[in-house]
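These notes concern the structure reproduced below.
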Amino acid sequence: MKEEGKYQKYKSQIIITSIITLLPMLVGILLWDKMPDKVAVHWGTDNQPNGWASKSIAVFAMPFLLTIVQVFCVIMTLNDPKKQNISAKMLRVVFWLVPIVSWICCGMTYIWAAGITVNVGMFASLAIGIIFIVVGNYIPKSRQSYTVGIKLPWTLDSTENWNRTSRFAGKLWIAAGLLFIVEGFVQWYGVIPAIIVLLLILPTAYSFILYQKGV
């Protein structure tokens, strides 16, 4: 009963966000006759397609797989032993991130398949930048948990280490989001891997330094 009640509280949100993640299927069906049998699903740094899939895969498999990811992320978060420490705003991010990604990915695929040329690289960078800024704003607001935040042995062992690392990481994510937005206009794709690496390394190093100092 306790397990059932845990999901009952979020039942409507799970259903709504799952349906929204799947809805691009309906859009794909409506555009079915306007799309070729093979559609672009991946683009290179030159903004040209370099990965292709059948129309059926793009319309049905992509939203379905993203829905599985959506449900998995939600269930993992709701089963976190420290779920009560996850802020309500961050929990909403967990619920809505994959549905938004589903619409962005499928939308770009459908638009290109319909013969409309768009700057996929710029649009993707802008979308990622906004997501990073939103997540970066909420990271410092979440307390210790096993699914959301900078989950390291030292942060999970020390509340002070978690809080300081989260504040530091939040600023980094916001800065990275702004860089992604700028990159979307200047189209300097070489900076993207560097941003990702720094987001992984710097919070870890900062947290370890705190740990070494006894924090």
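Derivation of every value follows stated rules applied to the coordinates shown; laboratory data play no part. Remember, it's a predicted structure, so these values are computed and weren't measured experimentally. All Cβ positions, even for glycine, are placed from backbone atoms using ideal geometry, and neighbour counts span all protein chains on display.
Taking 7 Å steps out from each Cα toward its Cβ at residue 191 and residue 33 produces label points 4.6 nm apart.
Fewest neighbouring Cβ atoms within 10 Å first, the residues 150, 57, 196 line up as 196, 57, 150.
Reducing region 145-171 and region 1-68 to their Cα centroids gives an inter-centroid distance of 32 Å.
Stretch residue 201-residue 26 to full length: gain in nm at 0.36 nm per residue minus the Cα-Cα span? Each step should come with its number before you reach the end.
Working: separation 175, 0.36 × 175 = 63.00 nm, distance 4.07 nm.
Net length gain for the segment: 58.9 nm.
Once the gyration tensor of the Cα atoms in region 1-85 is diagonalised, the equivalent ellipsoid follows with semi-axes of 35, 16, 9 Å, ordered largest first. Computed over the alpha carbons of the chain, Rg followed by Dmax gives 19.5, 64 Å. Rounded to the nearest 0.05, the FRET efficiency derived from the C-beta distance between residue 212 and residue 88 at R0 = 25 Å is 0.15. Entry note, the chain: the mean residue ellipticity at 222 nm calculated from DSSP H runs of n ≥ 4, each adding -39500 (n - 2.57), is -22000 deg cm²/dmol after division by the residues and rounding to the nearest 500.
I'd like the trypsin sites (Lys or Arg not before Pro) in region 27-104 restricted to DSSP loop residues with at most 15 other Cβ atoms within 10 Å, sorted by number. Walk me through the numbers on the way to the answer.
Working: sites: 34, 38, 55, 82, 83, 89, 92; in loops: 82.
Counting only loop positions with at most 15 other Cβ atoms within 10 Å, the trypsin sites (Lys or Arg not before Pro) in region 27-104 are 82.
Roughly how many nanometres apart are two label points built 7 Å out from the Cα toward the Cβ at residue 141 and residue 56? Going by the 7 Å Cα→Cβ label model, 4.4 nm.
Would you mind giving the three semi-axes, in whole Å and largest first, of the ellipsoid equivalent to region 55-98 according to its Cα gyration tensor? Walk me through the intermediate numbers first.
Values: eigenvalues 148, 22, 3 Å².
Its equivalent ellipsoid spans semi-axes of 27, 10, 4 Å.
Running a GNM on the chain with Cα contacts under 10 Å, which residue among 39, 74, 197 ends up with the highest mean-square fluctuation? In this elastic network of the chain, the residue with the biggest mean-square fluctuation among 39, 74, 197 is 197. Among residues other than residue 203 with Cβ under 11 Å from its Cβ, the summed charge is +4 (Lys and Arg +1, Asp and Glu -1). For the chain, a Gaussian network of Cα nodes joined below 10 Å ranks 153, 24, 140 by mean-square fluctuation, and the top entry is 153.
Note on the chain: GNM, Cα springs under 10 Å; of 102, 87, 158, the largest mean-square fluctuation is that of 158.
Annotation: extensible slack from residue 64 through residue 130 equals 21.3 nm (criterion: 0.36 nm per residue apart, minus Cα-Cα distance).
For residue 42 and residue 13, what is the calculated FRET efficiency with R₀ set at 30 Å and r taken between the beta-carbons, to the nearest 0.05? All intermediate terms of the calculation are to be shown ahead of the outcome.
Details: r = 31 Å, r/R0 = 1.03.
Step by step, r from the Cβ atoms, then E = 0.45.
Under 17 Å from a label point set 7 Å out along the Cα-to-Cβ vector of residue 111, the amide N atoms of region 5-47 belong to 24-25, 27-28, 31, 35, 40-47. A compact globular protein would have a Cα radius of gyration near 2.2 N^0.38 Å; the ratio found for region 120-215 is 1.15. Neighbour counting of Cβ atoms within 10 Å sorts the residues 67, 117, fewest neighbours leading, into 117, 67.
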